[in-house]
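A quick write-up on the structure given underneath.
Every number in this text was worked out from the coordinates using simple rules, so none of it is lab data. Every value quoted in this text rests on a predicted model; they were computed, and no experiment measured them. No Cβ is skipped: glycine too gets one built from the backbone with ideal geometry, and neighbour counts run over all protein chains shown.
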Amino acid sequence: MNLEGILVDLVPLNKNFRDLEHKWRNSLAGWWASGGEHHIMTRDQLARQLQGWAEAKESGHANGVPFGVQLKDGTPIGGMSINFIMPVHRLAMLGAKIGESDYWGGGYGTD
C-alpha cells in the first residue's frame, strides 16, 4: 500500500531503500535525522541492526512502522517512520529523513 502525496509517495521499504541506507546514515542526513547524534556505521553494523528489527517484527515485538520516501518516478530519497508507539497513552513519534541532500528544502519531507 502506498500513501500518495503531491511530491512524494510513502511506500513499503524495499531493497532500493536498504541499499541507500548506509549512505544516508553516514551523511549529514543521518545527523539531522538523529537529533544531533552521529554514529558512523559500517555496512555490517547496519545489516545486523536491520536483521534485528526484522526478527523483532516477525516475533511481534517491533514497535514502529517504517516507510520509504520516493519521488513520483520511483526514485528513493529517504525514509519516514512511526516509532515508540504507546497505545495506552495514544502517543507515537514520527521520524523523517530526506537522505538525498539535493532534495532538502524543497518541501519533500513536509509533503
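Would you check if Gly5 is among the small types (Gly, Ala, Ser) and surrounded by fewer than 11 Cβ atoms within 10 Å (Cβ to Cβ)? For Gly5, the condition - among the small types (Gly, Ala, Ser) and surrounded by fewer than 11 Cβ atoms within 10 Å (Cβ to Cβ) - is not met. Counting the residues of the range 26-50 that are farther than 17 Å from Asn83 by Cα and either within 15 Å of the chain's Cα centre (by Cα) or not β-branched (Val, Ile, Thr) (or both) gives 16.
For the range 7-66, a residue qualifies if it is of a type in the set (Asp, Glu) and closer than 17 Å to Gly99 by Cβ, and the qualifying residues are Asp9, Asp19, Glu21, Glu37. If you go through the range 58-81 one residue at a time, do you hit one that is in contact with a Gly (Cβ under 7 Å, 6 or more places away or on another chain) and free of Cβ contacts under 8 Å to residues at least 40 places away in the same chain? There is at least one residue in the range 58-81 that is in contact with a Gly (Cβ under 7 Å, 6 or more places away or on another chain) and free of Cβ contacts under 8 Å to residues at least 40 places away in the same chain.
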